Amino acid sequence: MTSPAASSRQPVHTQRIDGFGTVTITPLDPAADSALVHGWVSQERARFWGMNGASRELVQEIYEDVDRRDTHHAFLVRRDGVPVALFQTYDCAADRVGECYEVRPGDTGVHLLIGPAEGRAERGFSAGLLTAFLAFVFADGRTRRIVGEPDARNEKAIARLERTGFVLGPEVELPEIDLPEVYLPAKPARLAFLDAPRPPRP
């Protein structure tokens, strides 16, 4: 499934991963990419993303709101030119997760939704994408720690973060957000933390 309109947005990160392919990360275009993203988030497999039942128009409105913000960002991820994932980053101090733990300077939150696979599941697929995501986030010069907060019931996502090196934190309740431009229900989440790699010693 492809977007009905071509986006003019340019990649902000491109990385060749041996044995996996070339990963490109491009800012999401809410209008051009809404049909593609809606097709992903409306599936049962994406129930923890919290948009099951949302119309394409609502999905577009949600990401238009994200697009207007300086603290929250959404990206479309491609592998060898094929869209494969939706990736979001945000300043934890400006997000509801900041009400659930003691935010440190340089904390960047992330969300990841991998699109439906075509054909059989591929071993190492998630690991390949995460390699590029983490490199992209830590390269911004600001991030000192990445914070994940998957749904506490999403055992696969939690296990994936652990395998990637995240340290699990407490289970928390993300508070409801009910604003004119966005609504998010309360959600049980499991915090997970990954410190930036230390530079090699001279």
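The values are calculated or read from the model by the stated rules, or taken from the named source; none is laboratory data. Computed from a predicted model, the values in this text were never measured in an experiment. No Cβ is skipped: glycine too gets one built from the backbone with ideal geometry, and neighbour counts run over all protein chains shown. All accessible areas refer to the heavy atoms of the entire protein, side chains included, with ligands and DNA or RNA removed. Shrake-Rupley method; radii C 1.70, N 1.55, O 1.52, S 1.80 Å.
Using the Cα gyration tensor of the stretch 1-112, with a ≥ b ≥ c the square roots of its eigenvalues, what is the shape: rounded (a/c below 1.5), prolate (a/b larger than b/c) or oblate (neither)? Because a/c hits 1.5 or more and a/b fails to exceed b/c, the stretch 1-112 counts as oblate. Decide, for the stretch 1-61, between rounded, prolate and oblate: order the square roots of the alpha carbon gyration tensor eigenvalues as a ≥ b ≥ c, take rounded if a/c falls under 1.5, and otherwise choose prolate if a/b is larger than b/c, else oblate. Cα axes put the stretch 1-61 in the oblate bin. Projecting the Cα positions of LEU130, PRO197, GLY115 onto the charge dipole of the stretch 107-202 (unit charges on Cβ atoms of Lys, Arg, Asp and Glu, taken about the Cα centre) puts PRO197 furthest along the positive direction. In terms of its alpha-carbon gyration tensor, the stretch 99-202 comes out oblate; a/c meets the 1.5 threshold, while b/c is at least as large as a/b.
Using heavy atoms of the protein chains and a probe of 1.4 Å, the accessible area assigned to LEU76 is about 0 Å². Placing a label point 7 Å from the Cα of ARG69 along the Cα-to-Cβ direction, the residues of the stretch 165-200 whose backbone N falls under 19 Å from that point are 172-192. Once both labels are positioned 7 Å from their Cα atoms along Cα-to-Cβ, the gap between ARG123 and ALA159 label points is 1.6 nm.
With +1 on each Lys and Arg Cβ and -1 on each Asp and Glu Cβ, and nothing else charged, work out how big the dipole of the chain is about its Cα centre, in Debye to the nearest 20.
Values: 24 positive and 29 negative charges, 197 e Å.
For the chain, the charge dipole is close to 940 debye.
Dipole check for the stretch 106-202: with +1 at the C-beta of Lys and Arg, -1 at the C-beta of Asp and Glu, and the Cα centre as origin, the magnitude is about 640 Debye. When the charge dipole of the stretch 1-139 is built from unit charges on Cβ atoms (+1 for Lys and Arg, -1 for Asp and Glu) and taken about the Cα centre, the candidate among THR22, PHE87, TRP49 whose Cα reaches farthest toward its positive end is THR22.
For the stretch 15-73, carbon and sulfur atoms together expose 46% of the accessible surface, with a 1.4 angstrom probe and every protein chain in place. Here's how it looks for ALA85: its modeled amide H is under 5 Å from those of VAL77, GLY115, which are all 5 or more places away or on a different chain.
For the chain, the solvent-accessible area of protein heavy atoms averages 56 Å² per residue (probe radius 1.4 Å; ligands and nucleic acids excluded).
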